[in-house]
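S.K.: My structure is below; once you've seen it, I'll send some questions.
The values are calculated or read from the model by the stated rules, or taken from the named source; none is laboratory data. Computed from a prediction, not measured in an experiment: that's the story for all the values here. Ideal geometry is used to build each Cβ from the backbone, glycine not excepted, and the neighbour counts take in all protein chains shown.
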Amino acid sequence: MVYLWYSKATCVTGKALAKALGIQYGRKFPPSDCGYILSWGAGYCGEEEIELKSQPFNSLKAIHKNAYDKYNSLGMMTEQRVPVPKHCPASSIDEALKRGLLEYPVIGRKNSHRSGSGFYLCMNNRDLKNNINKTNYFLQYIPVAREYRINICFGKVARCHTKTPTDGCDSIVRTHSKGWLFEHIPYANVGRNIIKQAQRAMKAVGLNYGAVDIIKAEDGGVYVLEVNSAPALGDAGLENYVDRFQDKLEELDIEI
C-alpha cells in the first residue's frame, strides 16, 4: 500500500494527487501497514524504517533538513556548484557588507518560508537595523529579467512556468498573492542552461521531485532561488505529476 503524506500547507494539492492516483492519504502519521510513503511536503527525521519507506519517492529526511530549511539548502547547492545568490547568516551580515561580500540592496529571509512570507528588502543600514531581528539569513538582491518555476520529477521536466506580472504587482516579491501569475511555457522555450541548473539543484538537495524557482538576471546570469518539495499545482500540472508517479509505480512494480 502507498500512503500519500501531506502537511497542513500542502493539503489541497496533496489530496488531489492522492485521489487521482487512487491511493490512501492524510496529514496523520503514516499507518504501520503502509509499504511506501509518497510525501507531498511532509518531512520527518525519526526511525530509519519510516525513512526507507519513502526512498522511491522523496526522502522524508531530505524534506525536513533541506527543503524546510532554505538556508541549509542554499549551502548544499553551493557545495555542488549550483549557481545561487550570494548569501550569509544574519549574524554575519554586518561583516559581509563591510568586506564587500554582499552590498545593498540585500534581502532578509526566514529559514522556513512559503509564498513570499518572511521577505525583507533592505536598501540601507536603517532598513537592516529595523529588520535584522526578523530574519535568519540574507541574500544579495539580483535584478531579474525573467523568473521561472521548473517542475522536475525523477530527473525529467514535468512542467515549466514563467512568472508574469499583473497590474499593481509587487516589483520585488514575485508571488501569486503579490500579483504575479504562473504562465505555462513550453520546455523548448526555457533554455538548456535553466533546465540543467534546475535539475542540478534538485539533485543537490536530495529530492526526486518538486519545483525549482530560478531566475535569469538582467546581466544574463542564472541563479537558483530555492527548491520546493510540494508545489501547488493546477489541473495540467497535476496531470503531469500523476503520469510520472504512475510510471514510477509501474517501474517498481508497486501495488497501490
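S.K.: Take S73 and decide whether it is surrounded by fewer than 16 Cβ atoms within 10 Å (Cβ to Cβ), of a type in the set (S, T, Y) and closer than 30 Å to L233 by Cα.
M.R.: no
S.K.: A further question on this structure: Could you tell me whether F182 is within 23 Å of Y68 (Cα to Cα), hydrophobic (A, V, I, L, M, F, W, C), in contact with a His (Cβ under 7 Å, 6 or more places away or on another chain) and surrounded by 13 or more Cβ atoms within 10 Å (Cβ to Cβ)?
M.R.: When the stated conditions are applied, F182 passes them.
S.K.: Another question about this same structure. Could you list, in sequence order, the residues of segment 35-54 that are part of a loop (DSSP other than H, G, I, E, B) and more than 11 Å from V2 (Cβ to Cβ)?
M.R.: A42, G43, Y44, C45, G46, E47
S.K.: With respect to H176, determine if the residue is within 16 Å of the chain's Cα centre (by Cα) and more than 24 Å from M77 (Cβ to Cβ).
M.R.: yes
S.K.: Here's another thing I want to ask about it. Among the residues of segment 205-234, count how many are outside any strand (DSSP E or B) and either more than 21 Å from P143 (Cα to Cα) or of a type outside the set (G, A, S) (or both).
M.R.: 12
Here's the yes/no breakdown for (1) among the hydroxyl-bearing types (S, T, Y); (2) more than 13 Å from G206 (Cα to Cα); (3) in contact with a strand residue (DSSP E or B) (Cβ under 6 Å, 6 or more places away or on another chain):
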position: M1; (1), (2), (3): no, yes, no
position: T10; (1), (2), (3): yes, yes, yes
position: F29; (1), (2), (3): no, yes, no
position: W40; (1), (2), (3): no, yes, yes
position: A96; (1), (2), (3): no, yes, yes
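S.K.: Now a separate question. Restricting to segment 92-109, give me the number of residues that are closer than 25 Å to R174 by Cβ and either exposed (fewer than 13 other Cβ atoms within 10 Å of the Cβ) or at pLDDT below 95 (or both).
M.R.: Looking only at that region, the number is 1.
S.K.: Give segment 115-146 a look and list any residue that's modelled with pLDDT of 95 or more, in a loop (DSSP other than H, G, I, E, B) and surrounded by 15 or more Cβ atoms within 10 Å (Cβ to Cβ), or say none.
M.R.: Once the filter is applied, which keeps residues that are modelled with pLDDT of 95 or more, in a loop (DSSP other than H, G, I, E, B) and surrounded by 15 or more Cβ atoms within 10 Å (Cβ to Cβ), segment 115-146 yields T135, N136, Y141, I142.
S.K.: Considering (1) surrounded by fewer than 19 Cβ atoms within 10 Å (Cβ to Cβ); (2) in contact with a His (Cβ under 9 Å, 6 or more places away or on another chain), say which one R200 fails and leave the rest.
M.R.: Among (1) surrounded by fewer than 19 Cβ atoms within 10 Å (Cβ to Cβ); (2) in contact with a His (Cβ under 9 Å, 6 or more places away or on another chain), the lone unmet condition for R200 is (2).
Each row is one residue, and each column tells you yes or no for (1) under 21 Å from the mean Cα position of the chain (by Cα); (2) polar (S, T, N, Q).
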residue: F57; (1), (2): yes, no
residue: T78; (1), (2): yes, yes
residue: H87; (1), (2): yes, no
residue: L97; (1), (2): no, no
residue: R109; (1), (2): yes, no
residue: L121; (1), (2): yes, no
residue: N124; (1), (2): no, yes
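S.K.: Quick check on segment 1-32: of everything there that is polar (S, T, N, Q) and surrounded by fewer than 22 Cβ atoms within 10 Å (Cβ to Cβ), which residue is farthest from S229 (Cα to Cα)?
M.R.: S32
S.K.: Quick check: is even one residue across segment 33-45 surrounded by 17 or more Cβ atoms within 10 Å (Cβ to Cβ), modelled with pLDDT under 95 and aliphatic (A, V, I, L, M)?
M.R.: Yes, that holds for at least one residue.
S.K.: Against the condition in the same structural domain as V212 (by TED's automatic domain parsing), outside any strand (DSSP E or B), under 13 Å from the mean Cα position of the chain (by Cα) and closer than 21 Å to T10 by Cβ, how does N72 come out, does it pass?
M.R.: Taking the combined requirement at face value, the residue satisfies it.
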